[in-house]
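The values are calculated or read from the model by the stated rules, or taken from the named source; none is laboratory data. Computed from a prediction, not measured in an experiment: that's the story for all the values here. Cβ placement follows ideal geometry from the backbone for every residue including glycine, while neighbour counts extend to all protein chains displayed. Surface areas here come from the heavy atoms of the whole protein model, side chains and all, with no ligands, DNA or RNA. Shrake-Rupley method; radii C 1.70, N 1.55, O 1.52, S 1.80 Å.
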Amino acid sequence: MNLLNCELLDLRALVAIADGKSFLRAAEQLHLSQPALSRRVQKLEATVGTQLLERTTRSVRLTPAGQEIVPLLRRLLDEMDGSLLSTMALGERQAGRLTIASIPSATVRFLPAALERFAQDYRNYRVRLLDLSATECAQAVRTGEAELAITLPVSLDADLTFEPLTDDPYGLVCRRDDPLAAIDAPRWSDLAGRRLVTVHRGSGNRTLLEAGLARAGVELRWFYEVTRLSSALALVDAGLGPSVLPRLACQGPDARDLVWRAIKGAEIVRTIGVLRRPSVTLSPAAERLTALLAAGWGER
């Protein structure tokens, strides 16, 4: 694929469509009309010699060739934007852009404070935060879309390393009017027979939970299965049943009307840490943010 003859706006057009999964949103972001945006994509496809997008009346998605090229374009554009920003730093720390991925519970609970401190040292750095599942975080780091991720130790291969930051226990979460909320130290047996809410089997949280339950010899009745922890909290809040979720996931605004209780007996925990590629040296900005995250968890 020859990208040397492509205009910069053509490349940004494809990335914007891939991110927003919509021609309309991409056109608004780039301040282009939809016909002009379509011409940009068509010109890019003609240059690389293959179709990059599949369009229907209802959706737009990347072709296999598009899936291959978009991560490369993101890195290229990030590096270019960082270089442009660095020329604007006068008398201050060099500017640039840092892209990180994070599971939602870590995003809500710890990243804001760390980013506030980070901004004191890197005033001209823009931070792009990818709010993803644990599996998606690993993929973002593996492809180079994110320089590092705050996530769970799932999908680890030789090309990734994991540095633990903290342990986060699983526990009971229920509504305040649920009889279980009146039990200060519930046991696993107290959940027997209840119609429970859980996350799907492809989730890193579900994988860790099931492994812990198997070690403890505990069997639970999962009745509602969702994709995200935030969706599980919503179903619990609606009164459809209690759940077993990590404590950090129950400390954000989505769980302010719910109760979390540690469960007596076999303790099940997930470890949250920094995922990165050992073959790639972290930028000074990424190193600083990693140190701030470790310090923040240590203070906690």
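Heavy atoms only, probe 1.4 Å: what % of the accessible area of the stretch 222-300 goes to carbon and sulfur, would you let me know?
Working: 1740 of 3650 Å².
Of all accessible area on the stretch 222-300, carbon and sulfur atoms account for 48 percent.
From the helices alone, meaning DSSP H stretches of at least four residues, give me the mean residue ellipticity at 222 nm for the chain, per-run term -39500 (n - 2.57), in deg cm²/dmol to the nearest 500. Let's see the in-between values first.
Numbers: 10 runs with 124 residues, N = 300.
Result for the chain: -13000 deg cm²/dmol, rounded to the nearest 500.
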Using a 1.4 Å probe over the heavy atoms of the protein chains, calculate the carbon and sulfur portion of the accessible area of the stretch 141-183 as a whole percent. 51 percent
Counting only GluC sites (Glu not before Pro) that sit in a DSSP loop (anything but H, G, I, E, B) with at most 11 other Cβ atoms within 10 Å, what is the longest stretch of the chain containing none of them? 93-218
Added length on full extension, which subtracts the Cα-Cα distance from 0.36 nm per residue, Thr135 to Gln51: 27.5 nm
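Kirkwood Rh over alpha-carbon pairs of the stretch 130-195, then Stokes-Einstein at 10 °C and 1.306 mPa s: what D in µm² s⁻¹, rounded to an integer? Before the final figure, lay out the partial values.
Values: Rh = 15.1 Å.
Estimated diffusion coefficient is 106 µm²/s.
In square nanometres, what is the average projected area of the Cα convex hull of the stretch 166-229?
5.1 nm²
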Tally Lys/Arg at +1 and Asp/Glu at -1 over every other residue whose Cβ is under 15 Å from the Cβ of Arg142; what's the total? -2
Tell me the net charge near Arg194. Cut-off is 14 Å between Cβ atoms, Arg194 excluded, with +1 for each Lys or Arg and -1 for each Asp or Glu. +2
Of the options Gln139, Gly171, Leu152, report the single residue whose Cα projects farthest towards the positive end of the charge dipole of the stretch 118-172 (beta-carbon charges: Lys, Arg +1; Asp, Glu -1). Gln139
Given the options Ala149, Ala266, Ala249, which has the most mean-square fluctuation in a GNM of the chain, springs set between C-alpha atoms less than 10 angstrom apart? Ala266
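Using the Kirkwood formula over every pair of different C-alpha atoms, what hydrodynamic radius in Å results for the stretch 178-287?
15.5 Å
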Report the local net charge at Thr63: Lys and Arg +1, Asp and Glu -1, summed over other residues whose C-beta lies under 11 Å from its C-beta. -1
Can you give the Kirkwood hydrodynamic radius of the stretch 259-298 from its Cα pairs, in Å with one decimal? 13.2 Å
Distance between modelled label sites at Ala238 and Arg128, nm, 7 Å Cα→Cβ extension: 3.4 nm
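Probe of 1.4 angstrom, ligands and nucleic acids ignored: what's the accessible area per residue over the chain, in square angstrom? Provide the component values of the computation, followed by the final result.
On the way: 15270 Å² over 300 residues.
Result: 51 Å² per residue.
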